[in-house]
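The values are calculated or read from the model by the stated rules, or taken from the named source; none is laboratory data. The structure displayed is predicted, hence computed values, not measured ones. Virtual Cβ from ideal backbone geometry, glycine too; neighbours counted across all protein chains shown.
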Amino acid sequence: MNVSVTPYGTVARKRRLLNNHESLAFWVQHFADLVIVCGSLFFFAYLKMGEVPPNYRLLAVIALFCVWIIYRRRGVYRQSLGFYKSSFRLLTAWFHVLLLLALVGFVTKSGESFSREVLIEWAVSGFILQLMSMHLLSALYKRYKVMFSREIPSLVIGTGQLASKLVNNLNSNRWLPDRVVGFVQSDDCPLQDDEVMELPLPLLGGAESLRQNIRDYKIRRIYVALPVAESEIIEALHIDLLDMNVDVIWVPDIFGLSLLNHSIREVAGMPLISLNESPMTSRRSHILIKSLMDKVLAAIALVAFSPLMAVIAIMIKRESEGPVFFKQDRHGFDGKIIKVWKFRSMRLHDDTEVKQATKGDSRITKIGAFIRRTSIDELPQFINVLQGSMSLVGPRPHAVAHNDYYSDKVNAYLARHRIKPGITGLAQVSGFRGETETLDKMAKRVEFDLAYINNWSISLDIKILIKTPLSLLSKDIY
């Protein structure tokens, strides 16, 4: 038995500091979905064949496992979502399940052993039944909460942006019993009248009136929305409130920091807050899927574009002397130097100083201007994707000289290298392609690159790939 000694006595065992707080509604909905997925498959198989063959039973087991993992990771059962958002999240999660099952069938070459009619009926009706179940149970749970649940009067200590956002989230969430009645100021600096007016709820005084507020408003839960720098105040509040029989929950204001792909997890019972972490190391299974998707699509693209690439190569060779391809040193994942492939779009010149192409640049050939404007010059980078040095989607790799120049001029510029560079990216489909002649433009591109790293997912990659063709004819590409 693990025994630990604290200032408040001896504890017989160490409790997890990070717990999953799934509600009863979560488990009921999850169980209902598992029953629907399995039951509907068996129903259509029996309707078609008069029995449920072993291969359909195995498919049901695999499907249940996929639903169990994917639905939880995709946040299907987050009860704060509205009707449309929860429906869309269920649709995308179910699509991921079907996609994964199709991939398993392709790899094992077992797809031909299943009836397409049964699978289509199961895919469509399975989603419809799950959607109906989700919103029916949601309505029942809402009714139950109104009839039987009791509100938990709460206070928020803190008056900053985090505290206001926390209050809005708590009081607007119909699933939570917490009802915040007001704010309590943590320091002795009084707020200005206009600052008090901006608060969504009344300011109920300072820390000295906290105990009286707990008695007056019958407070049962207190949220401490203070920054990490005020840890001494937080500890003092915690000690002071031990005899008040209230729940004390700290919501650390870490968002004032420059975070990158932040997360919270637990190791050996200790909470770890990742302030800066690469998706390449924190989400290995998803990165593996991304890498597989990259290589498959890159191989398909090279085959599909090979006639066009052959024509472009001939035209480049006929217009000017020099090699067809141009390889430039650029920074890849973790800042490692990689050779990026491109069709040569300029005449041979002294490359001692790396300079971005500009409008009317005399170095650019006629065919070079065309392939740069249409981004055809970047088609050879599918070779980089097959080599593993680049991805289809990610921050665009900049020349080493550009990185050296901008690294101390744009905040968090080098953080772009926390994921593999891409042929296209969020910045490119958001209007930030081509020349970045001002610091503001480069800063905006970096902002989108960091937003991509913070919000990276397979679905985001797919959305960017779909939007990329629409951004190829930008007028700012020279």
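For the range 243-253, residues that are in a loop (DSSP other than H, G, I, E, B) and either modelled with pLDDT of 80 or more or outside the structural domain of residue 182 (by TED's automatic domain parsing) (or both) total 3.
Listed by position, the strands (runs of 3 or more DSSP E) inside the range 136-220 whose residues that are at pLDDT 85 or above and hydrophobic (A, V, I, L, M, F, W, C) number at least 3 are 152-157, 178-185. Return yes or no: is residue 67 free of Cβ contacts under 8 Å to residues at least 12 places away in the same chain, in contact with a helix residue (DSSP H, G or I) (Cβ under 8 Å, 6 or more places away or on another chain) and surrounded by 14 or more Cβ atoms within 10 Å (Cβ to Cβ)? When the stated conditions are applied, residue 67 does not pass them.
Within the range 362-407, if we keep just the residues that are of a type in the set (D, E, K, R) and over 27 Å from residue 447 (Cβ atoms), the residue that is surrounded by the most Cβ atoms within 10 Å (Cβ to Cβ) turns out to be 363.
Residues to consider are 176, 162, 119; find the one that is among the aliphatic types (A, V, I, L, M), under 30 Å from residue 200 (Cα atoms) and crowded, with 19+ Cβ neighbours inside 10 Å.
Unique residue meeting the criteria: 162.
Table: residues versus (1) more than 25 Å from the chain's Cα centre (by Cα); (2) at pLDDT below 70; (3) outside the structural domain of residue 218 (by TED's automatic domain parsing).
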site	(1), (2), (3)
230	yes, no, no
235	yes, no, no
241	yes, no, no
266	no, yes, yes
276	no, no, yes
287	no, no, yes
299	yes, no, yes
308	yes, no, yes
313	yes, no, yes
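Candidates in the range 352-361 are the residues that are surrounded by 13 or more Cβ atoms within 10 Å (Cβ to Cβ) and closer than 21 Å to residue 321 by Cα; of these, the one that is modelled with the lowest pLDDT is 354.
Suppose the filter is modelled with pLDDT under 85, under 28 Å from the mean Cα position of the chain (by Cα) and in a helix (DSSP H, G or I); does residue 133 pass it?
Judged against the criteria, residue 133 is not a match.
Take the conditions over 29 Å from the mean Cα position of the chain (by Cα), assigned by TED's automatic domain parsing to the domain that holds residue 41 and either under 19 Å from residue 40 (Cα atoms) or without any contact (Cβ under 8 Å) to a residue 60 or more places away in the chain (or both) and apply them to residue 75. Does it pass? Against the criterion (over 29 Å from the mean Cα position of the chain (by Cα), assigned by TED's automatic domain parsing to the domain that holds residue 41 and either under 19 Å from residue 40 (Cα atoms) or without any contact (Cβ under 8 Å) to a residue 60 or more places away in the chain (or both)), residue 75 does not qualify. Residues of the range 295-354 that are among the charged types (D, E, K, R) and assigned to a helix (DSSP H, G or I): 295, 317, 318, 319, 334. Among the residues examined, residue 74 does not qualify as of a type in the set (Lys, Arg) and at pLDDT 85 or above.
May I ask you to verify whether residue 462 is within 24 Å of residue 74 (Cβ to Cβ) and surrounded by fewer than 18 Cβ atoms within 10 Å (Cβ to Cβ)? In short, yes.
Selection of the range 372-400 for residues being part of a helix (DSSP H, G or I) and either of a type in the set (D, E, K, R) or free of Cβ contacts under 8 Å to residues at least 60 places away in the same chain (or both) yields 372, 373, 377, 378, 381, 384, 387. Within the range 254-264, the set of residues being in contact with a Pro (Cβ under 7 Å, 6 or more places away or on another chain), modelled with pLDDT of 65 or more and at negative phi comprises just one member, 264.
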